[in-house]
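No lab work stands behind these numbers, since they all come straight from the coordinates. None of the values given here were measured: they were computed from a predicted structure. Neighbour counts are summed over all protein chains in view; Cβ atoms, including those assigned to glycine, are modelled from backbone coordinates with ideal geometry.
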Amino acid sequence: MAKNILIIDDSALMRRVISDIIEGDKRFHVIGSAINGLDGLNMLQANCDKIDAVLLDINMPRMNGLEFLAEIKKQNIKTTVIVVSAITTEDAKETILALELGAFDLITKPEDVEELRSDAFSKKLLDCLEVATKLRWTDPKKKIDTNVTKEPEKEDTKKVEKEKPLHVKQVKIPKKGMDKLVAIACSTGGPKALHSIIPKLPTDLDAGVVIVQHMPEGFTKSLAERLNSLSDVPVKEAEDGDIVKKGRVYIAKGGMQLRIVQDKSGEHVIKLSLEQPRHGLMPCADIMYESLADTDYDEITCVVLTGMGSDGSAGIKKLSNKKNIHVIAQDKETCIVYGMPRMVRQTGLVDQVEALQDVSDAIIKNVGVR
């Protein structure tokens with residue numbers, strides 16, 4: 001049976017194009033479209049049990065996207081919402097707040113009609129709906145089933161656990177005076193997860209923190225600013241040439257690749273570059289992790305949070321051949337999409353599996369404070 005999608009957008013063109021894309025895929029059906037959040041709320045209330053996902057604009061008359069999300073939260077209406085946002089500074093800020101309010105993910109609106117009707121936008125929209133509505137999704141690169149709907153068969157789960165058990169390290173007292181880094185990778189559901197982790201980190205954390213969150217250009221700056229306003233630790237969007245300092249958080253800039261290199265004085269420095277995406281990702285966590293292999297960090301804590309696909313796993317595997325690492329993966333129950341943590345577990349390199357609410361404590365206990 002086709003998944004029912006509700007479109008809420010004040011642009012007649014956006015409603016028409018999105019509707020054509022959805023109706024062109026037999027797996028989906030447009031159950032209705034609304035010109036503002038208030039009309040959309042009424043449609044959702046009347047068809048809540050039939051709607052599988054909502055595509056939501058941010059800036060609309062009468063009731064905007066943020067007000068819509070706040071209202072369904074207040075009314076305890078359970079539905080999956082994907083924000084379709086323009087790439088403006090104000091829209092980016094509001095989109096981060098929307099993700100904080102519980103939106104599943106974001107899709108950026110093309111800036112012109114030609115791009116709007118492109119295959120690239122159609123694929124991005126349908127891929128997001130595929131995961132959001134819990135249809136089967138397979139990583140075409142790895143040919144590995146990353147189904148986000150069905151539990152793995154019991155025998156398969158046991159097989160994975162037998163082949164790749166947690167190699168749990170003994171609880172250690174963090175050593176001071178060492179050069180440490182926390183390197184975090186996340187994708188779908190990541191912004192909300194980061195809101196649960198970063199504000200709990202202390203300013204005297206004995207490590208710098210670098211984050212690769214899969215987001216378009218413009219949105220990572222708004223994410224950094226929002227987290228900075230909520231946290232004791234300073235948070236910023238990474239800039240080329242930033243020196244990584246303990247007790248500070250750097251978020252990889254959307255639309256660029258991030259590496260950490262060592263300069264002549266021994267400082268660890270962030271380098272940003274414009275290059276071809278890897279597996280369609282800019283930034284890509286694998287690239288960030290691989291770059292750490294050539295640094296002088298004594299310890300690197302790798303944290304893999306909610307997200308679709310397998311980004312981070314290959315990089316961590318390469319990093320483990322050269323550096324002393326400790327790997328923390330978010331557990332399945334608290335992931336929005338159990339893809340990236342699942343795949344890093346299958347490498348056999350994960351030391352801890354933690355619920356989202358416990359990840360910050362795991363980081364602090366592993367790296368210590370100054």
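From the cross-link list Lys73/Lys365; Lys73/Lys200; Lys3/Lys200; Lys74/Lys123; Lys109/Lys253; Lys264/Lys323, which pairs have alpha carbons spaced over 27 Å apart? Walk me through the numbers on the way to the answer.
Working: Lys73/Lys365 34 Å; Lys73/Lys200 24 Å; Lys3/Lys200 38 Å; Lys74/Lys123 33 Å; Lys109/Lys253 19 Å; Lys264/Lys323 20 Å.
From the list (Lys73/Lys365; Lys73/Lys200; Lys3/Lys200; Lys74/Lys123; Lys109/Lys253; Lys264/Lys323), the Cα-Cα distance tops 27 Å for Lys73/Lys365; Lys3/Lys200; Lys74/Lys123.
If you take the Cα Rg of the stretch 199-299 and divide it by 2.2 N^0.38 Å, with N the number of residues, what do you get?
Output field value: 1.04.
Just going by the charge dipole of the chain, with Lys and Arg at +1 and Asp and Glu at -1 on Cβ, which of Ala185, Ile325, Leu201 is farthest out on the positive end?
It is Ile325.
Name the shape class, rounded, prolate or oblate, that the alpha-carbon gyration tensor gives for the stretch 250-346, where a ≥ b ≥ c are the square roots of its eigenvalues, rounded holds for a/c under 1.5, and otherwise prolate holds if a/b is larger than b/c and oblate otherwise.
Taking the square roots of the gyration eigenvalues as a ≥ b ≥ c, the stretch 250-346 is oblate.
Going by how many other Cβ atoms sit within 10 Å of their own, how do Thr203, Thr301 line up, fewest first? Each step should come with its number before you reach the end.
Numbers: Thr203 13, Thr301 22.
Least crowded to most crowded, the residues run Thr203, Thr301.
Give me the Kirkwood hydrodynamic radius of the stretch 161-367, using the inverse of the mean 1/r over all pairs of distinct Cα atoms, in Å to one decimal.
Details: mean 1/r = 0.0603 Å⁻¹.
The answer is 16.6 Å.
Given the -39500 (n - 2.57) contribution per DSSP H run of 4+ residues, what per-residue ellipticity at 222 nm results for the chain, rounded to the nearest 500 deg cm²/dmol? Mind showing how you got there, number by number?
Numbers: 13 runs with 126 residues, N = 370.
For the chain, the value works out to -10000 deg cm²/dmol.
Please go through the stretch 259-333 and write out the trypsin sites (Lys or Arg not before Pro) that DSSP classes as loop and that have at most 13 other C-beta atoms within 10 Å. Mind showing how you got there, number by number?
Values: sites: Arg259, Lys264, Lys271, Arg278, Lys317, Lys318, Lys322, Lys323, Lys332; in loops: Lys264, Lys322, Lys323.
In loop regions of the stretch 259-333 (DSSP not H, G, I, E or B), the sparsely surrounded trypsin sites (Lys or Arg not before Pro) are Lys264, Lys322.
How would you classify the chain from its alpha-carbon gyration tensor, with a ≥ b ≥ c the square roots of the eigenvalues: rounded for a/c under 1.5, else prolate if a/b is greater than b/c, otherwise oblate?
It is prolate, given that a/c is not under 1.5 and a/b is the larger ratio.
Which of the peptides 241-247, 193-199, 310-316, 93-99 is most tightly packed, and how do the rest follow, going by the mean number of other Cβ atoms within 10 Å of each residue? Walk me through the numbers on the way to the answer.
Details: 241-247: 15.9, 193-199: 21.7, 310-316: 25.6, 93-99: 23.3.
Final packing ranking: 310-316, 93-99, 193-199, 241-247.
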